[in-house]
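Presented below is the structure to which this report refers.
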Amino acid sequence: METDAPKMDATVGIITRTKDRPVLLKRALESIVNQSYEDWRLVIVNDGGDPAAVDRLVDHFAAHLRDRVSVIHNPTSLGMEAASNKGIQSIKTRYLTIHDDDDSWAPEFLTIAVAEIEHIRQKFPQVAGVITLANAIYERVEGNIVHIYRFEPYWTSEKRGFVSLSELLADNQFAPIQFLFSYSAAETIGFFRADLPVLGDWDFNIRLLSRYDIFIIPQFLAFYHHRITDQSGYGNTIHAGKSQHELYAKMLKNEWLRQDIQDRRFGIGMLIALRQGMHPMAKTAQLQPQPDQYSPVVRLQRIVKLIWLWLSSDQKIATIKKFSQILLSGGFRNAVHHIKAWYISRGGN
Amino acid sequence: MNNEELLEHYTARLTKFKIVSFDIFDTLIHRAIHRPTDLFETLSARLRHNEFGLINPEIASNFAHKRIAAETEARARLMAAQGTPEVGLKEIYDVLVEHLGLSPDQQQYLIEQELELEEQFCHPNPVMQTLFRLAGQNDRHVVLCTDMYLPPYFIEKLLTKCGYFKPYTLLVSGDQRKSKHEGSMYHKVLKHFSVQPPDVIHFGDNAHADVKIAKKIGIQPEFFNYLQDRVEPRIRIPLQKPPQDGHVWSLMTGSIRRQLMEKTYDFWEDIGLQVFGPLILGKILWMTQLARRHRIERMLFFARDAFLLHNVFHRYPELLGPQVELKYCYFSRAALLLPSFVDMPIDRVWHLFSGRATRTVGYHLNKLGINPNLFMAQIEQAGFCSVEEVVPNDDMRMFNLLNSLWHHILLEAKRKRSQPLRYVAGLAEGVTRLGIVDIGWTGNMQGGFSRLLQLLRTDFQINGYYLGTFDLLTQNYLPRNTFHGYLVNENHPRVRYDNLINGGVELLEFALMAPHGTTLGYREQDGQIVPVLEDNKADQAVQKLAQRVQNGALDFIDRVLPQVLTIGIDSFVSQQWAAPFFRLVNNPSWEEANMLGELTHSDTASDTSKRLYIAEKLPDTIIRKRGKEYREARQRAYWKKAFDLRNA
């Protein structure tokens, strides 16, 4: 899969796309210069935003960046994936990663990701990328201040081993910030589709996983930041541009299915269609009354058992205090979640 | 009467008699097992794990029952043929040959195995050792009478091993076809020495054979019930054989009895001998079996809880073999946890401020290298009024606050990483298969060690060997790491987990404490990274008590481990060794609750100055009221059973 290029700019190429988000870009640059691993090359692609702001920030970090950074200013926006491709094609490295301007890494992300991809490929040469686990950070931006108000493991952080292709067809399993992949593998599949304003990373991941494997490093080394209520430039595309996501998701699925029909084969398009066809059946089955699962009698039994477990506990008052605190600070849903966990951990069914 | 007084009393009694007769088993000689028939279970366990059992599983299976059944039948046959049931060992095994179709070689092998175990387990009675020597003085004759199937030559061998030397006359029921039980043995003695009954004094432990029958004949009996009178009242473990691994329980009981016979122990040494010694030995055997399977190249013993285990493995290099390097290394939550924050699973932050000793918000942040004055907005957003607010245990606000400062925590961790990283790298240098020994619980130390090492290498495999692990271990799941718990694994079995979290953990952490302070950090000295240890007076007082406990534990281990090594470790890998410990946690005596409850414990990283009682004794006024103060004190107590007992 990989051949060592005669001259590599570095082992890892980092592509950071930005547009008029200096507050977040600053955080992203901090995340990069704080990396313990030093053999990287950063390409900042300013896709239609104010060049001066980007240049000022790069100057600010000059001592840390040293000669490892280059900046591409696009006078007008080319779109996220075209911007990525432009950045990628300006360098040659063994591995690549897309570090968007609004996300961040733990300082050891690159150290561990590079070590693990090289280690796992000794046993599984078909691996072309690794992802780490991520925490989802919910925040809002007020001027130069970023307020974090919630954080939790990203929804796919229970996954282990290799990324599942069939699951990826249903939904994107990871964010770009989690991902380190082989340059040559990306080149083989033609990098990113420049015509996709959204979901370009999902399409890329599917095409990559159709040929290679992606290994999951079970450590929380990446941070996927969300600004849900923000419809401005600071908003995430998955939140701020939700309707666009739905549009292009359908477009891609139609494309793949059309290609399969044309080629008369059972490919990605067929698989997705089949999954979508099975999904309503599965949902219907779930909606069928489950006699024992949620009947009032069973619920009542569980409540009685919960009370009994509390009464037989040695820490009755502490338990009440703890859940009250969670209710006050984390809300009703959070409190219920913790109570359920307590119940199950003590043998509740 | 103590032993000296008892000896004096018996010596004075000897003067009137010409013949001094002794029973042998449980008088002159004891076996370090609970009951004589337990020896067959040990033999059975040995056969289940050795080469003979591998080739002959049908013989090895349930061997104890077969052996006992053969003896019963042999006695019945002899009774029918000769009117006496007093068989010899060969006759018993002749019946076994018939039952199991043994070849002559197999029969000989099994006989040798049984005799080897008899020899392994026998030890002298300290009072009788001296009395025996005195008995032969002043022209008195010594005769040894035993109702036993073992051959006379072998019994002589045991006697010699236990320090009972000739001249004496040995009469064995299986050889003589006479017994004390029937009385015929005593007549043999009288005839042999041409004496009258009043000329003979007989010492023995059996109320019927050694006392009632002797008295009936006119011989002066001395009921020497040493075990029941003087030893068993001091035993802390339940004297009821468990249904599983009875041979382990038997060896444990017998060995404790032996030690109690030979030595006087204060409370702390006694707890070590009877509770922590067996537990530690159990863990040692279990982890040795596993470590051999895992082909460990280097075993790292983490301070402070693995101090005793390191001591034992160092004294017994045959456990893991001389090729396995043993290293004692200095880690603690204070020294390792923050630097090992390479990644950020949100639940790990609990460990940054957990502990029953409460501190302020500002204290916790400063300890993490975070200036609280720069983050007042986040502190308020988390729900605190000020940095002076005290953070209760398990406080969700603190959890939220620290997670919101993840970026600073990770940066601070990176800043503090250099020396711990070098220390870890040095410990792992040159090997790929590492073992870690520590007390256990959530695997933070192994997780931290591995997370640091992975920054430098990927070619390693770590197996951790712990007393137990809790379900929070999942935070420390990493590639190339496996965690093994002796007593519990990720909270299972539930009953044992409940015992551990209700005082068991604190008792263990006390008993295993090393004679040095906790590790606060590291520094460079002559190009090497060395630990910086805490010097804490309150901690030192507890260390001294822990040393006495460990001395008792070592007495037990030094007594039992050589025997186990000879018989075979695999036969003795069992959780029965932990039974006395769980009895202590669940059902302490008043003395145990008082003495151990008065100990103090620190569970806050790098903050051993804040110590709390394991089970505080409250003033009578508070006990009587049973009000809020009482409830809060009970809440604070680590060991609830002891608290309830002390404050009843």
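When region B:58-70 is filtered for residues that are touching a Leu at 6+ places or on another chain (Cβ under 9 Å) and not small (Gly, Ala, Ser), the ones remaining, listed by number, are B:GLU58, B:ILE59, B:PHE63, B:LYS66, B:ARG67. Scanning region B:215-231 for residues that are aliphatic (A, V, I, L, M) and touching a residue at least 40 places away in the same chain (Cβ under 8 Å) gives B:ILE219, B:LEU227. Taken over region A:66-80, the criterion of being under 22 Å from A:TRP105 (Cα atoms) and in contact with a strand residue (DSSP E or B) (Cβ under 7 Å, 6 or more places away or on another chain) is satisfied by A:ARG68, A:VAL69, A:SER70, A:VAL71, A:MET80. Would you check if there is a residue in region A:193-212 being within 14 Å of chain B (Cβ to nearest Cβ) and either modelled with pLDDT under 95 or within 24 Å of A:SER104 (Cβ to Cβ) (or both)? Scanning region A:193-212 turns up no residue that is within 14 Å of chain B (Cβ to nearest Cβ) and either modelled with pLDDT under 95 or within 24 Å of A:SER104 (Cβ to Cβ) (or both).
Checking each residue in region B:623-645 for being surrounded by 15 or more Cβ atoms within 10 Å (Cβ to Cβ), out of contact with any Leu (no Cβ under 7 Å at 6 or more places or on another chain) and farther than 15 Å from B:ASN502 by Cβ picks out only B:ILE623.
Residue by residue, here is whether (1) away from chain B (no Cβ under 14 Å); (2) under 23 Å from A:ALA185 (Cα atoms) holds:
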site: A:ASP59; (1), (2): yes, no
site: A:ARG66; (1), (2): yes, no
site: A:THR76; (1), (2): yes, no
site: A:ALA82; (1), (2): yes, yes
site: A:ASN85; (1), (2): yes, yes
site: A:PRO107; (1), (2): no, no
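Only one of the listed residues (B:LEU43, B:LEU47) is outside the structural domain of B:GLN137 (by TED's automatic domain parsing), among the aliphatic types (A, V, I, L, M), out of contact with any His (no Cβ under 9 Å at 6 or more places or on another chain) and more than 28 Å from B:VAL189 (Cα to Cα). That residue is B:LEU47. Among the residues that make up region A:111-129, is at least one of them within 12 Å of another protein chain (Cβ to nearest Cβ) and assigned to a strand (DSSP E or B)? No, the conditions are met nowhere in region A:111-129. Scan region B:496-529 for residues that are away from every other protein chain (no Cβ under 11 Å), outside any strand (DSSP E or B) and not aromatic (Phe, Trp, Tyr) and the total you get is 19.
Annotation note: Cβ proximity below 7 Å between a residue of region B:76-87 that is part of a helix (DSSP H, G or I) and a residue that is not hydrophobic (A, V, I, L, M, F, W, C) (sequence gap 6+ or interchain) occurs for B:LEU78/B:THR84; B:LEU78/B:PRO85; B:LEU78/B:GLU91; B:MET79/B:PRO85; B:GLN82/B:ARG177. Select from region B:430-456 the residues that are in contact with a helix residue (DSSP H, G or I) (Cβ under 7 Å, 6 or more places away or on another chain) and among the charged types (D, E, K, R) and write down the one among them that is farthest from B:GLU506 (Cα to Cα). Ranking the qualifying residues of region B:430-456, first place goes to B:ARG433. Examine region B:57-73 for a residue that is over 37 Å from the mean Cα position of the chain (by Cα), at pLDDT 95 or above and either more than 23 Å from B:MET252 (Cα to Cα) or not hydroxyl-bearing (Ser, Thr, Tyr) (or both), and state whether such a residue exists. Within region B:57-73, one or more residues are over 37 Å from the mean Cα position of the chain (by Cα), at pLDDT 95 or above and either more than 23 Å from B:MET252 (Cα to Cα) or not hydroxyl-bearing (Ser, Thr, Tyr) (or both).
Selection over region A:87-105 of residues that are within 14 Å of chain B (Cβ to nearest Cβ) and outside any loop (DSSP other than H, G, I, E, B) gives a count of 2. Among residues of region B:151-172 that are under 17 Å from B:LYS18 (Cα atoms), those with a beta-carbon under 8 Å from a residue that is among the acidic types (Asp, Glu) at least six positions away or on a different chain give the pairs B:LEU170/B:GLU156. When the residues of region A:168-223 are filtered to those that are assigned to a strand (DSSP E or B) and in contact with a helix residue (DSSP H, G or I) (Cβ under 6 Å, 6 or more places away or on another chain), the one that is surrounded by the fewest Cβ atoms within 10 Å (Cβ to Cβ) is A:PHE215.
Filtered by the rule that a residue be closer than 18 Å to A:GLU81 by Cα and of a type in the set (A, V, I, L, M), region A:26-58 gives A:LEU42, A:VAL43, A:ILE44, A:VAL45. The set of residues in region B:232-245 that are under 15 Å from B:ALA578 (Cβ atoms) and either of a type outside the set (A, V, I, L, M) or exposed (fewer than 13 other Cβ atoms within 10 Å of the Cβ) (or both) comprises B:ARG236, B:PRO238, B:PRO242, B:GLN244, B:ASP245.
Looking only at residues in region A:14-24 that are touching a helix residue (DSSP H, G or I) at 6+ places or on another chain (Cβ under 8 Å) and surrounded by fewer than 24 Cβ atoms within 10 Å (Cβ to Cβ), the one that is nearest to A:TRP105 (Cα to Cα) is A:PRO22.
Counting only helices (runs of 4 or more DSSP H) that sit wholly inside region B:376-481, those with at least 1 residues that are more than 13 Å from chain A (Cβ to nearest Cβ) and over 24 Å from B:THR360 (Cβ atoms) are B:418-428, B:444-453.
Checking each residue in region B:242-280 for being aromatic (Phe, Trp, Tyr) and under 10 Å from B:ILE33 (Cα atoms) picks out only B:TRP249. Is it the case that some residue within region A:75-84 is modelled with pLDDT under 95, closer than 29 Å to A:PHE151 by Cα and of a type in the set (Asp, Glu)? Yes, region A:75-84 contains a residue that is modelled with pLDDT under 95, closer than 29 Å to A:PHE151 by Cα and of a type in the set (Asp, Glu). Within region A:38-51, take every residue that is more than 22 Å from A:PRO75 (Cα to Cα) and crowded, with 18+ Cβ neighbours inside 10 Å and give me the one that is nearest to the other protein chains (Cβ to nearest Cβ). Per the stated criteria, the residue is A:TRP40. Of the set (1) within 9 Å of the chain's Cα centre (by Cα); (2) at pLDDT below 95; (3) under 22 Å from A:ILE268 (Cβ atoms), all apply to A:PRO176 but (2).
Right, B:LEU365: more than 26 Å from the chain's Cα centre (by Cα), more than 14 Å from chain A (Cβ to nearest Cβ) and under 30 Å from B:VAL542 (Cα atoms) or not? Answer is yes for this residue.
Only one entry in A:THR18, A:THR97 is β-branched (Val, Ile, Thr) and over 27 Å from A:PHE215 (Cα atoms), namely A:THR18. Kindly evaluate B:GLU616 against the criterion of being in a helix (DSSP H, G or I) and either of a type in the set (D, E, K, R) or more than 14 Å from chain A (Cβ to nearest Cβ) (or both). No; evaluated as a whole, the condition is false for this residue.
The values are calculated or read from the model by the stated rules, or taken from the named source; none is laboratory data. Bear in mind that the values here come from a model prediction, so they are computed numbers and not experimental data. Neighbour counts run over all protein chains shown; Cβ positions are idealised from the backbone, glycine included.
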